[in-house]
Each structure stands twice: as C-alpha cells, then as structure tokens.
Amino acid sequence: MRDVTVIAGSGVTGLSRAPHPLSDNSASPRFSLLGPVEVRKDDRDYAPTAPKTLQLLALLLMRSGHLVHTDSIIHEVWSEEPPRSVRTGVQTLVYQLRRCMQDAGLGASGRRVLATRGPGYVLRVEPGHIDVVVFRQLVAQGQEAFHAGQYEEAARLLRSGLDLWSDTPLANVPCGPVLSSYVVELQEQLRAARFLRIQAEIEAGRAQDLIAELRALVSSDPLDEGSHAQLMQVLGSAGRRSEALALYRQLRERLIEELGLEPCEQVQQLHYDLLRAGGLSLR
C-alpha cells in the first residue's frame, strides 16, 4: 500500500437513502459471495454442489442484472482446455443452475431468473438479496458519512458492511481467471473498508480501543503501511510515542529489506510529526 491517507472528514453534506438490507425474508433466498457461495432460504442452502455449476453461479452473481457472454463463461470455466462440445457444456451448466433456482422457489422453470439473452445469459435477482451489493452500498454510505464529519455513523455503516463477510470470497468455488480477479478486487475493497472504519473510530475518539485490533493487523501483514500508520497514530495519541516510533523503525527495516523501498510519504510525515511530538494526523 503505497498511498496511505489518514483523513479528517470535510466537505460532503447529507447522506443518501439507506440501502436495502440483506433480506431475511424466507420467501426470497439470499445470495452470498463474501465467504462460501450460498443460496440460502429457510435455513437451507440451495447452491449447487457440482463445482462447475457453482462456478457459473458465482460468475452470474458477480454480474447480476447484466449480460454475461458465453465466451466469458467458457474462459472462466474451461480456460486452459475447452472441450470441442464446450457450448453444449455451458448449456448443461445453465440447465443445472436453473433447476437450482427452481428448487429455491425462484420461478417454475428457473428461466425467469436465469434468462438467455443473445450471446449469453442474465441472472435477475433483487440486488438487496446479494451480500456483495449490500456491502458496497453500506461502504459508499459510510464514506459519505465520514466525509461529512459524521464519524459515529460512518463507523456504524462500515461495521455493518464488514459484518457481511464470513470468509475469503468465493471460498468454496474453484476460481478460473475471471473469478480470481474478482476475489482480488473484493479483498482490496475489504481492506479499504476496514481502513476507513478504523479511521472513523479514531476520529470518533475511540483510538485506544483499537490498539489490540491494529496490532493483530500489522502482525498478519507486516508490510501493510496503512495499518502501521493507524497504529502509530493511536499509540501516539495514547501517549505511547516511543512505541509508535519503534513501530515505524520496524516497518522501515522490513520495507527496505524485502522491497527495497522507503515508507510512503504519508507514513514518513507521521513519523516526523511523532518526532516533533506534534500533530498526529497525516496531512
């Protein structure tokens, strides 16, 4: 993470309408991607168990409401050696997935939910029933609240979004090239949301409550400059300046040794501020 920004809110006023909650209505299944892929209704998981069918479901959920081209499905599921009958194979997977949708109560044949459109397929489910969609809505609202200076509200919204995560995204799916990129993207969104949630808690005056959590984060990722910067910040604000300076030295040594890099400019500025025993925000 080379561009660390620890910010104090300003500028945007007003919050957008709250997102649809992830439905717990037993009449409508909930779709999970932030962990194992699931199609859950009435405490039962209707997701397909066949690996390739599950892979197709994840790909369609990732682009819910949009056309997914048959060629994209082939690239994801049979990226290395597609068989000669690969398009028949796609049709078989679609048939199996429609049966899954039917079993979950989404249409008599599943065709209404998983529709054939020209060169591909469209999965049509309520956005508020997909955990990724709700996560992104909550994060966007948390960002808006943060920049409006509403730090308690920002932390609450971001916590709600982060609570939707249960494991590595698509944890039970054999990911091809398309889904592998999607997993990386989601993990980056998780890191950014967690960073902003912690910063909102700092700005809300709960810095000392975050020390243990931040120590765990820097231990799990010793090169994460964002978490190190936040831990330096909360240690400094708690009067533990020597620990914050020692943390900077450790980070710098690791970055130079493993990557041949100095800490990013913002972290160096925080180090300078700590040396001066002055302001502890990154500007």
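The values are calculated or read from the model by the stated rules, or taken from the named source; none is laboratory data. Predicted, not measured: the structure shown is a model, and the values here were computed from it. As a convention, Cβ positions derive from the backbone with ideal geometry for all residues, glycine included, and neighbour counts pool all protein chains shown. What goes into the accessible areas is simple: the full protein's heavy atoms, side chains included, and nothing from ligands, DNA or RNA. Shrake-Rupley method; radii C 1.70, N 1.55, O 1.52, S 1.80 Å.
Length gained on full extension, D163 to T49: 38.5 nm, using 0.36 nm per residue less the C-alpha separation. Largest accessible area first, the listed residues E262, E153 line up as E262, E153 when surface is computed with a 1.4 Å probe on the assembled protein chains.
Of the whole protein surface, E38 contributes about 50 Å² of accessible area at a 1.4 Å probe radius. Here the calculated FRET efficiency for A216 and T88, from their Cβ-Cβ distance with R0 = 51 Å, stands at 0.55, rounded to the nearest 0.05. Computed from label points 7 Å out along Cα-Cβ, the spacing between S79 and A238 is 4.2 nm.
If you take the square roots of the eigenvalues of the alpha-carbon gyration tensor of the stretch 52-139 and sort them as a ≥ b ≥ c, do you get rounded (a/c under 1.5), prolate (a/b over b/c) or oblate? Since a/c reaches 1.5 but b/c is at least a/b, the shape of the stretch 52-139 is classed as oblate. Computed over protein heavy atoms with a 1.4 Å probe, the carbon and sulfur contribution to the accessible area of the stretch 134-201 reaches 49%. Using the 1.4 Å probe convention, the accessible area of the chain works out to 50 Å² per residue with neighbouring protein chains retained.
The charge dipole of the chain, taken about the Cα centre with unit charges on the Cβ atoms of Lys, Arg (+1) and Asp, Glu (-1), comes to about 860 debye, rounded to the nearest 20. Using 0.36 nm per residue and subtracting the Cα-Cα separation, the extra length available between R112 and Q187 on full extension is 23.8 nm. Membrane-span-like helices in the chain, defined purely by DSSP H runs whose alpha carbon atoms cover 30 Å or more axially and whose average Kyte-Doolittle hydropathy reaches -0.5, are 177-203. By DSSP, the beta bridges lying fully in the chain are antiparallel in about 90 percent of cases.
Which of the three applies to the stretch 185-261, rounded, prolate or oblate, going by the alpha-carbon gyration tensor with a ≥ b ≥ c and a/c under 1.5 meaning rounded? List each step's numbers first, then the result.
Details: a/c = 2.42, a/b = 1.10, b/c = 2.19.
Cα axes put the stretch 185-261 in the oblate bin.
The overall shape of the chain is prolate: from the C-alpha gyration tensor, with semi-axes ordered a ≥ b ≥ c, the ratio a/c is 1.5 or greater and a/b exceeds b/c.
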